[in-house]
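One structure is given here, and the rest of the page talks about it.
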Amino acid sequence: MTWLLTGGAGYIGAHVAHALRAAGEDVVALDDLSSGVPERLPEGVPLVRASVLDTDAVRAAFREHGVTGVVHLAAKKAVGESVAEPLLYWRENVGGLESLLRVVDEEGVRDVLFSSSAAVYGTPDSDVIVEDGPTAPINPYGETKLVGEWMLRDLATARGTRWTSLRYFNVAGAGSPQLGDTAVANLIPMVFRALDRGEAPKVFGDDYPTPDGSCVRDYIHVADLADAHVVAAQRLRDGGPSAVYNVARGEGASVKEVLAVVREVTGLDVEPEIAPRRPGDPARLVASPAAIERDLGWRAQHDLRAMVASAWEAWTAAR
Ligand code: WQD
């Protein structure tokens, strides 16, 4: 069994590559290096430098490496950018998946593990989000992830493809200091960058209907997320049914609570500046991981402090 891991040189992709190899799985990474870093890949994982949009290159990779399963992470994932550049997101995320699935179909590959997102839920009004709840994305990024799930469902109906969609919640931390998140696009690295610059970290609104007024999210350690990919991929390979899973801890943390942990871990003064709300931010996004725990026996092992501490170690190591 050889897994083609698209986006394998990315922050999350590299953690998945390491976890698959540690579990004894054969992996080949395919990455266009638009944001990936080849040095993140573990020994024994060849890198095919190509975009999933290059169908011929994808087909050649399938044949050269005897690909028998796909773990698809390659995508654009910045919500704000997706609003400004929707066609880029439709091309890369939906066009890229269509190109990849065309080869999956032609080469008779049966198992596809898909990186989806909490963004498919939009701004749900439920306290805890479950997979069969309403999906109503509010930005092009979330729409492309939901459409990706539909494409996989339709291919499965037509060809018997087995697929699993993992809906990531808020990913943070680092499995090792070399694998930190170098894209400063989410709360924790954005706070670190402010601290490095001697600036006050920003809280985007503290007038939300939450206990301390700041937004609540379900943070998940990237190492736990990578482990979820291993168990999901192995279950597909062993003939498991198609499924959709939230990958989350089922526990919310507010922006202010995250800042308090950053203060504990770094020992720095983290007095924030209260900034205006960010458009499109739901007050609370917390998921139930009951389905993935029940079906795959997976449960997050790391808490918020472990995420912040490992992220800070990687951040300071990269200085
Ligand atoms: C978290 C909270 C901000 C920075 C995003 C994507 C989602 C998924 C997870 C891929 C929010 C607040 C942030 C700052 C702040 N990605 N914040 N000050 O928006 O919950 O989710 O990542 O699948 O699709 O949308 O993550 O880290 O941007 O923000 O107050 O300097 O922190 O308002 O409430 P988000 P985030």
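The values are calculated or read from the model by the stated rules, or taken from the named source; none is laboratory data. Every value quoted in this text rests on a predicted model; they were computed, and no experiment measured them. Note that each Cβ is placed from the backbone with ideal geometry, even for glycine, and that neighbours are counted across all protein chains shown.
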### Query
Does the stretch 142-152 include one or more residues that are of a type in the set (G, A, S) and over 27 Å from A223 (Cβ atoms)?
no
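Here's the yes/no breakdown for (1) loosely packed, with under 15 Cβ neighbours inside 10 Å; (2) β-branched (V, I, T):
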position: T157; (1), (2): yes, yes
position: G160; (1), (2): yes, no
position: Y168; (1), (2): no, no
position: I188; (1), (2): no, yes
### Summary
So, first residue closer than 12 Å to Y219 by Cα in the stretch 273-289, second residue more than 8 Å from the ligand (Cβ to nearest atom) and acidic (D, E), Cβ within less than 6 Å, six or more apart or across chains; the pairs are V286/D218; A287/D218
#### Entry: strands (runs of 3 or more DSSP E) lying entirely in the stretch 157-212 (those with 1 or more residues that are more than 13 Å from the ligand (Cβ to nearest atom) and over 20 Å from K256 (Cα atoms))
162-168
### Task
Starting from the stretch 200-212, keep only residues that are on the phi > 0 side of the Ramachandran plot, then list their pairs with residues that are near the ligand (Cβ under 10 Å from one of its atoms) and assigned to a loop (DSSP other than H, G, I, E, B) whose Cβ atoms are within a distance under 6 Å, requiring at least 6 positions of separation or different chains.
G205/R277
### Task
Output the qualifying pairs, or none if there are none: Cβ atoms under 6 angstrom, residues six or more apart or on different chains, first residue in the stretch 180-197 and touching a residue at least 40 places away in the same chain (Cβ under 8 Å), second residue near the ligand (Cβ under 9 Å from one of its atoms) and not in a helix (DSSP H, G or I).
A185/A78; I188/A172; V191/P201
### Query
Do you know which residues across the stretch 246-273 are within 14 Å of the ligand (Cβ to nearest atom) and touching an Asp or Glu at 6+ places or on another chain (Cβ under 7 Å)?
N246, A248, R249, G252, S254, K256
### Task
Please tell me if G160 is of a type outside the set (V, I, T), at positive phi and assigned by the TED database to the domain that holds P279.
no
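Going through the stretch 59-85 one residue at a time, which ones are more than 16 Å from the ligand (Cβ to nearest atom) and either surrounded by fewer than 16 Cβ atoms within 10 Å (Cβ to Cβ) or closer than 23 Å to R278 by Cβ (or both)?
A60, R63, E64, G66
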### Message
Quick check on E313: is it within 30 Å of L5 (Cα to Cα), touching a helix residue (DSSP H, G or I) at 6+ places or on another chain (Cβ under 6 Å) and acidic (D, E)?
### Response
yes
### Task
Search the stretch 121-132 for residues that are assigned by the TED database to the domain that holds V286 and pair each with any residue that is among the basic types (K, R) when their beta-carbon atoms are under 7 Å apart and the residues are at least 6 apart or on different chains.
none
### Query
Looking at (1) touching a Leu at 6+ places or on another chain (Cβ under 9 Å); (2) farther than 28 Å from K145 by Cα; (3) not in a helix (DSSP H, G or I), which is the one condition that is false for I274?
(1)
### Task
Mind telling me which of the residues L53, L88 ends up being in contact with an Asp or Glu (Cβ under 8 Å, 6 or more places away or on another chain), free of Cβ contacts under 8 Å to residues at least 40 places away in the same chain and either of a type outside the set (G, A, S) or within 14 Å of the ligand (Cβ to nearest atom) (or both)?
L88
### Task
Mind checking which strands (runs of 3 or more DSSP E) fall wholly inside the stretch 1-115 and carry at least 3 residues that are modelled with pLDDT under 95?
none
